[in-house]
Structures are given as structure tokens and as C-alpha cells.
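Q: If you scroll down you'll find the structure; I have some questions about it.
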Amino acid sequence: MILTEHHPQTLILNSSYSPKLKAIATKVFNGERITFDEGVTLYKEAELGFLGVLANYVREKKSGNYVYFNHNFHVEPTNVCVYSCAFCSYSRLIKNREEGWELSVDQILNIIKGYDNQPVTEVHITGGVVPKQDLAFYTELFRKIKAHRPDLHIKALTPVEFHYIFKKAKLSYEEGLKIMKEAGLDSLPGGGAEIFDKDIRDKIAGGKCTTEEWLSIHEIWHGMGNHSNATMLYGHIETFEHRIDHMDRLRQLQDKTKGFNAFIPLKFRNKENEMAHVPEVSVIEDLRNYAVARIYLDNFPHIKAYWAMIGRNTAQLSLNFGTDDLDGTIDDTTKIYSMAGSEEQNPKLSTQELVDLIKSVGKTPVQRDTLYNVVKEYNEVR
Ligand code: V47
Ligand code: SF4
């Protein structure tokens, strides 16, 4: 590429930004990895425009002009939970069961059958943790889904659920994951990561699987030849150092396994949970966070803007700040975020809406499957 004096990269390097920031920019433009301290410096000292140029550079190198989405829907088997994470607006504690739901295998199968004539490629299954939804429950569920619709990709359960289920079944993680895979599990979503720093994790998500357990389950799953995603819950009581620490642990594991597909920053929403007094961060901070993630996680293929959580407008804006994936059509099948105060109270987008949203910022929409194989490229002019 020939850089002119008006090219954003040249402008950054010839600008009045501090030598520290220019040194980080030079590293990024040379394809070099930035350090922990440089990541923290970006959060503390870099303004949005600067981060956008760097993040866009990295995104373009990885995905060109492509922005991905899929045809998916969620199933939330229960919103009752033995845990009580302070940020969770969704779970109804076992003692408040009357406000909760607990679906049976057949009820879930009926939901899945409701999509028989629709071109969905993925079902995303996750929810609360209850004793009844154990190893036998999920293996029966996965087998029945595969018997009914073998090509539907099952992206299900997080280390929070696995740890509880396998402990109850007296199985090692290796044994348990092998059984789940044999029953039909295809990949793992990124949930339950929250924030890896122990002190903050204990305060907001005490009692559920630890950081080491979360990372270990993903490592074992990758070692078996499979893929997964990773999330980070941000914008609550964590510091910038905690965010970089979180991403650093993921970057290290990804160096080892290469099994993560996407990193998904999840903005803390404060409606009707124990942390309602904690203000939500601004949209500017959301965009800065996407950009730092894209720059720091140089070994993650994709950064996902989960539009059901941040709203379609911010998700669209984020496409110029490092993200290259908008998740999917969702079809109004998740309650986790609407209950926590997302502006998307009934999250549902048609293919045409997703395509238009992506095209209107000059990018090429690509429908993908869960593993990022291209299903359809929408490169015709609007
Ligand atoms: O781990 C719960 C988050 C996550 C709140 O892998 C909240 O493709 C913000 O992981 N404010 C579960 N976040 C969802 C998840 C996910 C979503 C979309 C795609 C994928 C994927 C994974 O939801 C939980 C937690 O971090 N969450 N409550 C809240 N009040
Ligand atoms: Fe349960 Fe998950 Fe909510 Fe925590 S975030 S209370 S583990 S449903």
C-alpha cells in the first residue's frame, strides 16, 4: 500500500500525539504485538480517533471489507440459578422460582422444531444452573436435536454450567466434555468469563467457576480439536488494568491452542440487578473498548459486537472501531439483555436488516456459519 500524506497512518505518525502513543502506533502498523503496559496506556491516554485508526488497520488486515453475521436463535433452558452473580438481572434464585422457567427436554425440542422451515444454522443454548438440568438432561437434549436436525450447529453451555454438571456427575473435565461432544455438542459460546481478576470476580460472580477453571475447560475443548468464543463483562467496577489482564490471559491461551474464534466484549447493563447503583459507561467508552480489544488480541480472528446487548446503532458504529462480526438474527429468543436494560427489548433482525446495516457503513455483509465458513457474500451494490 502506498501511504500518502493524507493517509490516516501517516497523519497519526506525523501528528502531535505523544511519543509513547506514536511508538505504539508504529508497532501496530508493523504488525508487532503490544505489551500489557502499552495496552493500559491505550485505555488511559488514547482518544477515540487514534484508537479507531489503529483498530481499523488491524481489522482490515484480518477481514478486509467483510463483516460477518449468522442465522441463529437462542434457547434459555432456565432462568433459575443456584448462583447469584451481582450483575445478573436474569436469574431468579431458587427461592423465587415462581418468577422463573425451567424447560424440559421436550419443550426445548419443540422450540427447535419451530425453526424447521427456517434457514437457521446455529442454536445457542445457555442459561442458569439448576440441579435437574444435569449431564443426562443435556446429553439427551443434544442427541434429540441431532436426530431431528443433524446440520444444526449446537453452540451450548459455558464452563459455569460444565463445572457444576461434571462435578455432580463425578467426571473430570476431559471425560465430561468427551461425553458432551459424543452427544452432539459442536462448540462453546464465550459466556461465564466475566472478568478474570480474582478480587473483582469474587465480588461480582463469587461462587461460580474460577478463572483457572474457565480457562482450563476451554483449553481442554480446544485440545480435542474444537472451537469456542470468549467474552469479557466490562464497564462496572473493574479498572483498565483488569481489562488488559483479562485479554492477556486469553491471548496467552490462544497462542497455545488457536481455538478461539471470536472475542465478545459485553457491556455491563445495570437494570434491576444488585449493581443497579453502578453507572453504565458511555458509547464512546464502548467504542474505545472494542478498539483496544482489536489491537491487543492480535491472535483472535474476530471481534464481535453483540447488537442485542449494545443496540444496533452502537453495533453499527463499532464496525469502524475494530469489530467485524454482528452475531446473528437472534429472532427475539434471548431475555438476558432485555431484562438487564438493553435498548433492544425484543432483539430480532431480518437478514435484509442486517445486510442494510452493514452496507450503509460501506462494508460487505457475509453470512457465515458458526465456524466462519462463508454461506453467502452480499457484495452487490445497494
Ligand atoms: O456470561 C449477564 C452476560 C453472558 C449481564 O459466544 C450481562 O457467541 C451485561 O456469553 N450486563 C452470557 N452482560 C452471554 C454470552 C454470549 C452472548 C452472545 C454471543 C455469545 C457467543 C456469547 O451475558 C454472561 C454475562 O457476562 N450478562 N448479565 C448484564 N447485566
Ligand atoms: Fe447464574 Fe449465569 Fe446469572 Fe450468574 S450470570 S446468576 S451463573 S445465570
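The values are calculated or read from the model by the stated rules, or taken from the named source; none is laboratory data. Just so we're clear, the structure is a prediction, and the values are computed from it rather than from any experiment. All Cβ positions, even for glycine, are placed from backbone atoms using ideal geometry, and neighbour counts span all protein chains on display. These accessible areas exclude ligands, DNA and RNA; they are computed on the full protein's heavy atoms, side chains included. Shrake-Rupley method; radii C 1.70, N 1.55, O 1.52, S 1.80 Å.
Q: At 1.4 Å probe size, with every protein chain present, just tell me what the per residue accessible area of the chain comes to in Å². All intermediate terms of the calculation are to be shown ahead of the outcome.
A: On the way: 15430 Å² over 382 residues.
The answer is 40 Å² per residue.
Q: I'd like to compare 175-181, 315-321: which one has the highest average count of other Cβ atoms within 10 Å, and what's the full order after that?
A: Most protected by this proxy first, the peptides run 315-321, 175-181.
Q: If you take all C-alpha pairs in the chain, what percent of them are over 38 Å apart?
A: Values: 11429 of 72771 pairs.
Roughly 16 percent, once rounded to a whole number.
Q: Given charges of +1 on the Cβ of Lys and Arg and -1 on the Cβ of Asp and Glu, with all other atoms neutral, how large is the dipole of the chain about its Cα centre, in debye to the nearest 20?
A: Values: 46 positive and 52 negative charges, 76 e Å.
In debye, rounded to 20, the chain gives about 360.
Q: Taking the highest mean first, how do the peptides 273-286, 154-167, 224-237 order by number of other beta carbon atoms within 10 angstrom per residue?
A: Averaged packing, sorted descending, gives the order 154-167, 224-237, 273-286.
Q: While we're here: Once phi is turned into ³J(HN,Hα) by the Karplus curve 6.51 cos²θ - 1.76 cosθ + 1.60 with θ = phi - 60°, what whole-Hz value does each residue of segment 65-75 show in order, with x for glycine and proline?
A: In residue order, the calculated couplings are 9, 6, 10, 9, 8, 9, 9, 9, 8, 10, 10 Hz.
Q: Further, regarding this structure: Just read off the accessible area of Arg33 with the full protein assembly in place, 1.4 Å probe, to the nearest 10 Å².
A: Its accessible surface works out to 90 Å², give or take rounding.
Q: If the rule is a partner Cβ under 4.7 Å, which cysteines in the chain fail it?
A: Cys81, Cys209
Q: Which lysines have a Cα lying under 21 Å from the Cα of Lys258, excluding residues fewer than 8 positions away in the same chain?
A: Lys61, Lys62, Lys155, Lys178, Lys181, Lys304
Q: Starting from the exponent 0.38 and prefactor 2.2 Å, build the expected Rg for segment 214-307 from its residue count and divide its actual Cα Rg by it.
A: 1.14
Q: Could you give the length gained by full extension between Gln345 and Arg149, i.e. 0.36 nm per residue of separation minus their alpha carbon distance, to one decimal place?
A: Additional length available on full extension: 67.6 nm.
Q: Per residue of segment 270-287, what does 6.51 cos²θ - 1.76 cosθ + 1.60 with θ = phi - 60° give for ³J(HN,Hα)? Whole Hz please, x for Gly and Pro, Karplus curve as stated.
A: 10, 7, 6, 9, 5, 10, 4, 7, 8, x, 7, 6, 7, 5, 4, 5, 4, 5
Q: Turning to a different aspect of this structure: Across segment 229-236, in residue order, what do the Karplus-derived ³J(HN,Hα) couplings come to in whole Hz, using 6.51 cos²θ - 1.76 cosθ + 1.60 with θ = phi - 60° and x for Gly and Pro?
A: Each residue's phi maps through the Karplus curve to give 10, 9, 10, 9, 7, 10, x, 10 Hz.
Q: Projecting each Cα onto the charge dipole of the chain (Lys/Arg +1, Asp/Glu -1 at the beta carbon, about the Cα centre), which of Gly192, Leu371, Gln316 comes out farthest on the positive side?
A: Most positive-ward Cα: Leu371.
Q: Suppose every K and R has +1 on its Cβ and every D and E has -1 on its Cβ; what is the size of the dipole of segment 102-176 about the Cα centre, in Debye to the nearest 20?
A: Charge dipole of segment 102-176: 100 debye, to the nearest 20.
Q: Whenever you get a sec, compute what percent of the accessible area on the chain sits on carbon and sulfur atoms (1.4 Å probe).
A: On the way: 8110 of 15430 Å².
The value for the chain is 53 percent carbon and sulfur by accessible area.
Q: Based on Cα positions only, what radius of gyration and what Dmax would you give for segment 1-141, in angstroms?
A: Expressed in Å, the Cα Rg and Dmax of segment 1-141 come to 24.2, 65.
Q: Going by accessible area, probe 1.4 Å, with all protein chains left in place, what is the ranking of Tyr306, Tyr57, largest first? Don't skip to the end; give the middle numbers.
A: On the way: Tyr306 15, Tyr57 45 Å².
From most exposed to least exposed: Tyr57, Tyr306.
Q: Add +1 for every Lys or Arg and -1 for every Asp or Glu among the other residues with Cβ under 13 Å from the Cβ of Ser318, and state the total.
A: Value of the local net charge: +2.
Q: Let me check I've understood the local charge: for His277, count other residues with C-beta under 15 angstrom from its C-beta, Lys and Arg +1, Asp and Glu -1. What total comes out?
A: Working: positive: Lys203, Arg269, Lys271; negative: Glu272, Glu274, Glu280.
That works out to 0.
Q: From the residues Asn110, Phe29, Asn72, which one has its Cα farthest along the dipole of segment 1-152 in the positive direction, the dipole being from +1 and -1 charges on Cβ of Lys/Arg and Asp/Glu about the Cα centre?
A: Towards the positive end, the residue furthest out is Phe29.
Q: If Ser89, Ser172 are ordered by their accessible area, calculated over protein heavy atoms with a 1.4 Å probe, which sequence runs from highest to lowest?
A: From most exposed to least exposed: Ser172, Ser89.
Q: On to the next question. Set the Förster radius R0 to 22 Å, insert the Cβ-Cβ distance between Val278 and Asp248 as r into 1/(1 + (r/R0)^6), and round the FRET efficiency to 0.05.
A: After rounding, the FRET efficiency stands at 0.35.
Q: Now a separate question. Under a Cβ-Cβ cut-off of 14 Å, what is the net charge of the residues other than Gly184 that fall near it, where Lys and Arg count +1 and Asp and Glu count -1?
A: Net charge in that neighbourhood comes out at +2.
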